[in-house]
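Each remark here refers to the structure printed beneath this line.
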Amino acid sequence: MLRVPAGQGVDLGALSPAALPAGPADKAAGQAATARLAGPLAELQERLYAASTTGDRRRVLLVLQGMDTSGKGGTVKHVIGLLNPSGCRITAFKAPTAEERGHPFLWRIAKALPRPGEIGIFDRSQYEDVLIARVRELVPRSRLDRRYGEINRFEESLAEDGVTVLKVFLHISPEEQLRRLLKRLDTPEKRWKFDPGDIEERARWSAYQEAYALALERCSTAAAPWYVVPADRKWYRNWAVSTLLLEHLEDIDPRYPEPGFDVEACRARLLAS
């Protein structure tokens, strides 16, 4: 229900960020449902890692995008917190460094990809180069338009190499963003999270919504579809992303590898030791 059909446009204005399109109907039920996902997620993660020890190259890449305060960091904390951190590779992409600007825009993305058996999480991603770059007009439009195709080919190559790409747009309303930004200012313990530049970005809300809609339309493919998760309710966001991650791991269906030794012989030796 949250998936953006390949090649089709999406009207973000028609999708309520407070909607509950599937799953639990209230906060208590949502939190309980999310907690119940911890066991199945942990088992599938372990099976994924175990399979990699005998050459299985499959892994998962969870891409999180959204406006400021949409909950990218919160999703990492609450959803990835259900997993074994040693099997996760988390990357929060900031403004490109001087070295990164000297390479093609996908260079730093490729360096951060999960290894076989891992679950990778991107807090922001390659899509910054068609979002911020578009809104702020940082690159010529002709080059910008080529980037959508480059991203699609890159993600298709990942899928062919065993990467399950799960892309989630955390859809928040401007009213909810205002509440969250004010809370950061009004709570001394949260002021470190506030960036005055967020006010300038907020003024470009409409331009960002258009940029996101275009990225969702051009880059939701069979190999790497986009999902739009209503994010005004944090508990629903956590349940939805956890459920999507579980569904994709179930589709992979990793299996524990068969031992490359005689189990009974080793057991006998161990008992005799």
When the range 131-161 is checked residue by residue, the ones that are out of contact with any Phe, Trp or Tyr (no Cβ under 6 Å at 6 or more places or on another chain), open to solvent by 20 Å² or more (accessible area, probe 1.4 Å) and not charged (D, E, K, R) are 132, 138, 139, 140, 142, 149, 152, 154, 157, 159
Residue under evaluation residue 63, criteria (1) hydrophobic (A, V, I, L, M, F, W, C); (2) out of contact with any His (no Cβ under 9 Å at 6 or more places or on another chain); (3) over 23 Å from residue 164 (Cβ atoms), criterion not met:
(3)
Single unsatisfied condition, residue 257 versus (1) surrounded by fewer than 19 Cβ atoms within 10 Å (Cβ to Cβ); (2) not in a loop (DSSP other than H, G, I, E, B)
(2)
Got at least one residue in the range 69-79 being under 20 Å from residue 184 (Cβ atoms), in contact (Cβ under 8 Å) with a residue 12 or more places away in the chain and surrounded by fewer than 19 Cβ atoms within 10 Å (Cβ to Cβ)?
yes
Please tell me if residue 35 is without any contact (Cβ under 8 Å) to a residue 12 or more places away in the chain, out of contact with any strand residue (DSSP E or B) (no Cβ under 7 Å at 6 or more places or on another chain), open to solvent by 40 Å² or more (accessible area, probe 1.4 Å) and not in a helix (DSSP H, G or I).
no
What's the total number of residues in the range 219-249 that are surrounded by fewer than 22 Cβ atoms within 10 Å (Cβ to Cβ) and of a type in the set (Phe, Trp, Tyr)?
2
Qualifying positions in the range 219-244 - in a helix (DSSP H, G or I), in contact with a Gly (Cβ under 8 Å, 6 or more places away or on another chain) and aliphatic (A, V, I, L, M):
240
Does residue 273 qualify as being surrounded by fewer than 17 Cβ atoms within 10 Å (Cβ to Cβ), of a type in the set (Ser, Thr, Tyr) and out of contact with any Pro (no Cβ under 6 Å at 6 or more places or on another chain)?
yes
The correct count of residues that are under 16 Å from residue 211 (Cβ atoms) and open to solvent by 10 Å² or more (accessible area, probe 1.4 Å) in the range 172-181 is 1
Pick from the range 102-139 the residues that are over 25 Å from residue 83 (Cα atoms) and among the acidic types (Asp, Glu): which of them is modelled with the lowest pLDDT?
137
Search result, residues across the range 88-127 that are charged (D, E, K, R), surrounded by fewer than 18 Cβ atoms within 10 Å (Cβ to Cβ) and assigned to a strand (DSSP E or B):
89
Looking only at residues in the range 181-220 that are out of contact with any helix residue (DSSP H, G or I) (no Cβ under 9 Å at 6 or more places or on another chain) and aliphatic (A, V, I, L, M), which one is farthest from residue 136 (Cα to Cα)?
182
Can you spot a residue in the range 47-68 that is surrounded by 18 or more Cβ atoms within 10 Å (Cβ to Cβ), of a type in the set (Ser, Thr, Tyr) and under 18 Å from the mean Cα position of the chain (by Cα)?
no
Of the residues 216, 185, which is assigned to a helix (DSSP H, G or I), among the hydrophobic types (A, V, I, L, M, F, W, C) and exposed (fewer than 15 other Cβ atoms within 10 Å of the Cβ)?
185
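The values are calculated or read from the model by the stated rules, or taken from the named source; none is laboratory data. Every value quoted in this text rests on a predicted model; they were computed, and no experiment measured them. Here Cβ is always computed from backbone atoms with ideal geometry, including for glycine, and neighbour counts include all displayed protein chains. Accessible surface is based on the protein model in full, side chains and every heavy atom, while ligands, DNA and RNA are left aside. Shrake-Rupley method; radii C 1.70, N 1.55, O 1.52, S 1.80 Å.
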